[in-house]
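Peer 1: Dumping the structure here so I can ask a few things about it.
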Amino acid sequence: MTTTSSDTQSRKRQVGLPWSALLALATAVFITSLTETLPAGVLPEMSASLGTSSGATGQAVTVYAAGTALTAIPLATATASVPRKPLLLGAMAVFLVANTLTAAAPGYIVLLAGRFLAGVAAGLAWAILAGYARRIAPAGLEGRAIAVAMAGIPVALSLGVPAGTLIGEQVGWRAAFGAVSLVTLAVIGWISVSVPGVGQPAIEQADTNRSDHAPESAKSPLRQTLAVPGVAAIMVTVTTFVLGHTIIYAYIAPYLQHAGLGSATDAVLLAFGVACLVSIWYVDRRLRALMVTGAVLFTLATAALAVTTTHSIVWVAAVLWGLGWGGAPTLLQTAAGQAGMRRSGAAADTAQAVLVTLWNAAMALGGIIGGLLLQSSGVNVVAVSAAALGAVSLLIVVGARHHAFRNTQATP
């Protein structure tokens with residue numbers, strides 16, 4: 001299904017952002033992000049309840065990411081002709097089932113099955129959410145619309161994960177996942193009422209200035225998208241940055257226990273999350289400058305965690321980490337959409353699907369690597385590895401200054 005002329009005329013008539021619809025999408029993003037990261041805050045409780053080690057329980061993050069990474073591109077391709085609204089509602093319904101299954105899981109295997117199912121739902125949702133926000137926004141405000149929708153990520157980190165951690169500590173980790181199911185049920189109703197239906201974007205005329213002159217018919221949509229200048233650099237940055245973040249974030253609870261701050265895990269995560277929330281406000285204005293700053297802050301913060309467990313430094317590092325990481329999901333998705341639009345709207349959607357796949361592959365790998373490092377070498381090596389990957393991400397962003405992360409107002 002393609003965007004009709006009436007859709008385009010409606011977008012032109014709009015003078016402001018469709019706030020209710022975008023906030024509904026932001027809440028859907030909140031649910032996907034919270035479902036993804038909640039185990040980090042309740043890892044000790046889950047391990048004690050299931051009778052598994054922290055490293056084994058941490059694979060709840062890995063299987064979620066694996067479910068997303070394995071299904072994002074295939075599902076995006078298979079559902080290309082399906083209207084976006086029922087597709088999004090279907091993805092949220094799967095989240096409802098998956099989180100309920102996780103909350104009720106009688107053992108480790110069922111828990112992993114629930115987490116994998118949630119990851120599949122995320123693969124579908126993430127492949128369409130940014131493009132959905134872009135397409136319901138008035139012309140010229142697409143970047144701001146994506147920033148509003150993606151605000152669900154730092155809100156999940158700043159409020160959702162600390163709240164879930166507190167619920168896990170006071171009531172039990174199962175109650176935390178049950179609460180996510182209740183929020184999911186509410187957002188399904190909100191999306192049904194507030195979010196307009198849209199079809200699949202039309203394939204716009206390719207950029208006549210692109211350097212790739214290969215016939216369109218000779219290349220797959222994926223190859224066409226990756227050939228757009230800047231897209232490959234963005235995807236490598238996604239992989240290294242997310243890998244570094246996940247290696248340390250998935251095992252932050254054991255790190256804080258090692259540092260003597262185990263009882264303050266929820267408070268440290270709250271400080272991290274509030275810093276994430278602060279960092280999102282201007283992501284659609286200074287794309288390149290903010291991405292460089294984020295990579296620098298993340299690298300410095302994780303390096304500090306690697307060399308000391310002094311409580312005051314750990315708190316400062318958590319805030320710097322949040323400032324560096326909070327805007328990254330939106331920055332990277334905006335950069336991918338902006339680069340893909342140099343060819344076409346369809347290429348921008350394909351770029352988002354590739355980003356989702358690589359993002360979650362990096363998360364899955366980060367959960368595995370972090371668990372192995374935790375078991376074999378300890379928390380300090382986990383933090384060192386995260387800092388090294390942050391430094392690599394910084395080098396890529398700096399080196400890709402001509403085609404990726406253009407430091408202008410992003411309107412993908």
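Peer 1: Please report, to two decimal places, log10 I(q)/I(0) for the stretch 76-121 at q = 0.21, 0.22, 0.23, 0.31 Å⁻¹ as given by the Debye formula with identical point scatterers on the Cα atoms and no solvent.
Peer 2: -0.67, -0.70, -0.74, -1.02
Peer 1: Using Stokes-Einstein with the Kirkwood hydrodynamic radius over Cα pairs, what translational diffusion coefficient do you get for the stretch 14-75 at 37 °C and a viscosity of 0.692 mPa s, in µm²/s rounded to a whole number?
Peer 2: Numbers: Rh = 13.9 Å.
Calculated translational D: 235 µm²/s.
Peer 1: Give me the distance in nm between label points sitting 7 Å out from Cα along the Cα-to-Cβ direction at Trp315 and Ser20, one decimal.
Peer 2: Simple spin-label model gives 4.3 nm for this pair.
Peer 1: How much accessible surface area, in Å² rounded to 10, belongs to the heavy atoms of Thr27 with a 1.4 Å probe?
Peer 2: That residue has around 30 Å² of solvent-accessible surface.
Peer 1: In a GNM of the chain with a 10 Å cut-off on Cα contacts, which of Ala339, Ala227, Ala387 has the highest mean-square fluctuation?
Peer 2: So, out of Ala339, Ala227, Ala387, the one fluctuating most is Ala227.
Peer 1: Let me ask another. Taking 0.36 nm per residue of separation and subtracting the Cα-Cα distance, what length does fully extending Ala80 through Ala56 add?
Peer 2: Difference between extended and current length: 5.0 nm.
Peer 1: For the chain, count the residues as N, evaluate 2.2 N^0.38 Å, and divide the Cα radius of gyration by that value, please.
Peer 2: On the way: Rg = 20.2 Å, N = 412, 2.2 N^0.38 = 21.7 Å.
Ratio of Cα Rg to 2.2 N^0.38 Å: 0.93.
Peer 1: When the chain is modelled as a GNM with alpha-carbon springs shorter than 10 Å, which of Gly322, Gly160, Gly90 fluctuates the most?
Peer 2: Result: Gly90 has the largest fluctuation of those listed.
Peer 1: Once fully extended, how much extra length lies between Val110 and Gln170, figured as 0.36 nm per residue of separation less the alpha-carbon to alpha-carbon distance? Provide the component values of the computation, followed by the final result.
Peer 2: Numbers: separation 60, 0.36 × 60 = 21.60 nm, distance 2.36 nm.
That works out to 19.2 nm of additional length.
Peer 1: If you average the alpha carbon positions of the stretch 134-166 and of the stretch 344-382, how far apart do those two centres end up, in angstrom?
Peer 2: The distance from the Cα centre of the stretch 134-166 to that of the stretch 344-382 comes to 20 Å.
Peer 1: When the chain is treated as a GNM, springs tying every alpha-carbon pair under 10 Å, which of Ala361, Ala351, Ala113 comes out with the largest mean-square fluctuation?
Peer 2: For the chain, modelled as a Gaussian network with Cα springs under 10 Å, the answer is Ala113.
Peer 1: A further question follows. Label Leu372 and Ala264 with points 7 Å out from Cα along Cα→Cβ: what is the distance between them in nm?
Peer 2: Label at Leu372, label at Ala264, 3.4 nm between them.
Peer 1: Tell me the per residue accessible area of the stretch 242-312 using a 1.4 Å probe; a whole number in Å² is fine.
Peer 2: Working: 2530 Å² over 71 residues.
Ligands and nucleic acids excluded, the result is 36 Å² per residue.
Peer 1: Now for a separate question. Could you tell me the calculated FRET efficiency between Ser192 and Ala48, based on Cβ-Cβ distance and R0 = 35 angstrom, to the nearest 0.05? Before the final figure, lay out the partial values.
Peer 2: On the way: r = 39 Å, r/R0 = 1.11.
My answer for the efficiency is 0.35.
Peer 1: In what sequence, highest mean first, do 121-129, 40-48, 71-79, 238-246 appear when ranked by Cβ atoms within 10 angstrom?
Peer 2: Taking the mean over residues of other Cβ atoms within 10 Å, the ranking is 121-129, 238-246, 40-48, 71-79.
Peer 1: Related question: When the Debye formula is applied to the Cα atoms of the stretch 300-412, each taken as the same point scatterer, what base-10 log of I(q)/I(0) results at q = 0.20, 0.21 Å⁻¹?
Peer 2: For the requested q values the scattering log ratios are -1.15, -1.21.
Peer 1: Moving to a separate point now. Give the carbon-plus-sulfur fraction of the accessible surface of the chain in %, rounded to a whole number; probe 1.4 Å, heavy atoms of protein chains only. Numbers along the way, then the final one.
Peer 2: Numbers: 10290 of 14960 Å².
On the chain, the fraction of accessible area on carbon and sulfur atoms equals 69 percent.
The values are calculated or read from the model by the stated rules, or taken from the named source; none is laboratory data. Remember, it's a predicted structure, so these values are computed and weren't measured experimentally. Neighbour counts run over all protein chains shown; Cβ positions are idealised from the backbone, glycine included. In case anyone asks, the SASA skips ligands and DNA or RNA and just uses the protein heavy atoms, side chains included. Shrake-Rupley method; radii C 1.70, N 1.55, O 1.52, S 1.80 Å.
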